[in-house]
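Here's the structure, in structure tokens; my notes come after.
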Amino acid sequence: MSRISEHPILEFEDKPVVSFTFEGKKLEGRQGDTVASALHANGILVLSHSRQHNRPRGFFCAIGKCSSCLMTVDGRANVRTCTEPLKEGMVVRRQPAIGGELKW
Amino acid sequence: MVETQLLVVGGGPAGLAAAGAAASLGIDVLLADEGLKLGGQLVKQTHKFFGSREHHAGVRGIDIPPLLLANRERVTVLTDTTIIGCYEDGVLTALTGEDKYLKIKAQRAILATGASEKFLSFPGNDLPGVYGAGAVQTLMNQYGVVPGQRVLMVGAGNIGVIVSYQLLQAGIQVAAVVEAAPTIGAYLVHASKLARAGVPILTRHTILEAKGQESVQSAVIAKLDENWQVIPGSEEELAVDVVCLAVGLSPVIDLLGQMGCKTKYVPELGGEVPLRDAGLKTSLGWLYVAGDAAGVEEASAAMVEGRLAGAAAAAELGADAAAAGAIIAQCQASLDSLRRGPVGAKIRAGLSKLEGGTL
């Protein structure tokens, strides 16, 4: 996965880097990213798992409607990461389908 | 309690136009939008609009929002604010940010809440890599992030075809566009751009399955017969890592539903739509509706409907009747012209089911 470098209409200048961690691993996003867009740019497609069958769930609606991207951010469960602005030092983790802290 | 003459819910094309029109007639407006920025879906529309100058023809969607809110001093904007409840006494509840709740008392409200994407059922439709078309646009055009390397687009209406072209502009391959109907729904000019770029638009084709373990690795498509049944043996597996669904939109009318607003199921308008009069006033009297929430159409019509509802609500709030009436008449003529001809046939058929637009 990567970012768009050239575009005939839009300009995507190099924006400042925003560092964060995902499952303990240090990653970089860009200013203006949401948590989910930064994860996507880093090639992380699986954001959560379904409750009943534990199937992978990813980026789907991008407007905070579908619940597919709910994750735990800085200790807060069920954050809609597709609309949550990325901030320096954020700690992002996957969570159990019902939310809360991972217990296993 | 926050008090206002007019609350506009939704800061997309319809809501911005509604707020702008009412403010220009001297009404104080509170405009609430759940996003961090105003503009709704316009903020990712990189293509130029059609119509005439009054419909912002030739202007890219991304450049339209500031044009709609000319009278900013009368409009108070609340972003990151979701209206979550609507009560019989005219009080609405809102959530700003994570944890700030507020109550709003509005004399009139215009609900311009837009539409949500329809889904399609097939095995593997829940895999990461299956996106709504709007999400692909957001990822590309707002965040500059590549959704994948090779895309199967499902749906050859305007959204499917325009987003396919935007994918090409971002340097991403489009393997094919499949469309279950026998004809392409999109405007010819958009479909032609795609055809010139060598992307096959396969009518009477559908997706059967998305395959992959952790994310999409391929998709199976097949040909449909005249009764929309899969023709055995016509299956084909495409190596794609993105399946993009552009299979239509449904009006978002949850708030009106909470209030028991009269609605009717009209497939041509995207599903359940509120009944309303020629000024877009719903059966609830103090609540108006505009844009895709009133019936899925497109952004140009949404802007005109917003202006119409804004002027109609302003007239009831004591604005200059002649000035409001002039805007209303102009908007109604403008909507008629947008809905003329074969392109507007479906919308006209849908609207006629709403008993000629009267309650």
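Computed from the coordinates by the stated procedures, all read-outs in this text should not be read as laboratory data. Quantities reported herein were computed from a predicted structural model and do not represent experimental measurements. Ideal geometry is used to build each Cβ from the backbone, glycine not excepted, and the neighbour counts take in all protein chains shown.
So how far, in whole Å, is the C-alpha centre of the stretch B:257-335 from the one of the stretch A:43-104?
37
Taking the number of other C-beta atoms within 10 Å as the exposure measure, put B:199, B:296 in order starting with the fewest. List each step's numbers first, then the result.
On the way: B:199 21, B:296 25.
Final ranking by Cβ density, sparse to dense: B:199, B:296.
Hey, what do the phi angles of the stretch B:104-117 turn into as Karplus ³J(HN,Hα) couplings, whole Hz, using 6.51/-1.76/1.60 and θ = phi - 60°, x for Gly and Pro?
10, 10, 10, 6, 9, 9, 10, 9, 10, 8, x, 9, 10, 6
Between the helical axis of B:13-24 and the dominant principal axis of chain B, each derived from Cα atoms, what acute angle in degrees is found, rounded to the nearest 10?
For helix B:13-24, the angle is close to 20 degrees.
So who's got an amide H within less than 5 Å of the one on residue A:4, skipping anything under 5 residues away but keeping other chains? H placed 1.01 Å off N, in plane.
Residues meeting the amide H criterion: B:145, B:146.
Can you list the HN-Hα couplings for the stretch B:181-194, worked out from phi with the Karplus curve (6.51, -1.76, 1.60; θ = phi - 60°), rounded to whole Hz and with x for Gly and Pro?
Residue by residue, the stretch B:181-194 yields 6, x, 10, 6, x, 6, 4, 4, 4, 6, 4, 5, 4, 5 Hz.
At 1.306 mPa s and 10 °C, plugging the Kirkwood radius over alpha-carbon pairs of the stretch A:1-95 into Stokes-Einstein gives what diffusion coefficient in µm²/s? Numbers along the way, then the final one.
Values: Rh = 13.7 Å.
Roughly 116 µm²/s, to the nearest whole number.
What residues have an amide H closer than 5 Å to that of residue B:85, excluding those fewer than 5 places away on the same chain, when H is modeled at 1.01 Å from N in the peptide plane?
The list, which skips near neighbours in sequence, is B:93.
Using Cα atoms only, what is the angle between the long axis of helix B:158-169 and the major principal axis of chain B, expressed in degrees (0 to 90) to the nearest 10?
70
For residue A:19 and residue A:67 in one chain, what is 0.36 nm times their gap in residues minus the Cα-Cα distance, to one decimal in nm? Present the calculation step by step, with values, prior to reporting the outcome.
Values: separation 48, 0.36 × 48 = 17.28 nm, distance 2.46 nm.
Contour length minus Cα-Cα distance gives 14.8 nm.
Go through the stretch B:217-309 and name the chymotrypsin sites (Phe, Trp or Tyr not before Pro) that are in a DSSP coil and have 16 or fewer other Cβ atoms within 10 Å of their Cβ.
B:228, B:286
Specify the inter-centroid distance of the stretch B:1-48 and the stretch B:62-140, based on alpha-carbon positions, in whole Å.
10
In chain B, once you exclude exposed GluC sites (Glu not before Pro) (DSSP loop, at most 14 other Cβ within 10 angstrom), what's the longest stretch remaining?
In short, B:236-359.
For the stretch B:260-273, just list the computed ³J(HN,Hα) in residue order, Karplus coefficients 6.51, -1.76 and 1.60, θ = phi - 60°, integers in Hz, with x standing in for Gly and Pro.
Ordered by residue, 3J(HN,Hα) equals x, 4, 5, 10, 9, 7, 10, x, 4, 9, x, x, 6, 10 Hz.
Rounded to the nearest 500, what is the 222 nm mean residue ellipticity of chain A from helices alone, with -39500 (n - 2.57) per DSSP H run of 4+ residues and division by all residues?
Rounded to the nearest 500, the figure is -1500 deg cm²/dmol.
Among the trypsin sites (Lys or Arg not before Pro) in the stretch A:1-91, which ones are in a DSSP loop with at most 16 other Cβ atoms within 10 Å of the Cβ? Mind listing them?
A:51, A:87
I'd like the Kirkwood hydrodynamic radius of the stretch B:105-202, using the inverse of the mean 1/r over distinct C-alpha pairs, in Å.
Across the stretch B:105-202, the inverse of the average 1/r is 14.8 Å.
Over chain B, what lengths in whole Å, largest first, do the semi-axes of the equivalent ellipsoid take, defined as the square roots of 5 times the eigenvalues of the alpha-carbon gyration tensor?
37, 21, 19
In deg cm²/dmol and to the nearest 500, what is the mean residue ellipticity at 222 nm of chain B if only DSSP H runs of at least 4 residues count, each as -39500 (n - 2.57), divided by the residue total? Could the numbers behind the result be given before it?
Numbers: 9 runs with 91 residues, N = 359.
Theoretical 222 nm ellipticity from helices: -7500 deg cm²/dmol.
Just round it to a whole percent: the fraction of Cα-Cα distances in the stretch B:246-359 exceeding 22 Å.
Value for the stretch B:246-359 (Cα pairs over 22 Å): 28 percent.
Count, for each residue of A:46-57, the Cβ atoms from other chains sitting within 10 Å of its Cβ, then give me the mean as a whole number.
Details: counts 4, 1, 1, 0, 1, 0, 0, 1, 0, 5, 8, 3.
Counting other chains' Cβ atoms within 10 Å and averaging over A:46-57 gives 2.
Under the Kirkwood approximation for Rh and a Cα-based Rg, what ratio Rg/Rh is obtained for the protein assembly as shown?
Here the Rg-to-Rh quotient is 0.97.
Average partner chain C-beta neighbours within 10 Å, per residue of B:35-46?
Per residue, the average neighbour count from other chains is 1.
For each of B:241, A:14, B:277, count neighbouring Cβ atoms within 10 Å of the residue's Cβ, then give the residues from fewest to most.
A:14, B:277, B:241
If you build the Cα gyration tensor of the stretch B:177-225 and take the root of 5 times each eigenvalue, what three semi-axes come out, in whole angstrom, biggest first?
Ellipsoid semi-axes (Å, largest first): 24, 14, 8.
Using the count of nearby Cβ atoms within 10 Å as a rough guide to exposure, how do B:140, B:1, B:153 rank from fewest to most?
Neighbour counts put them in this order, fewest first: B:1, B:140, B:153.
Relative to the longest principal axis of chain B, what angle (0 to 90°, nearest 10) does the C-alpha long axis of helix B:299-316 take?
20
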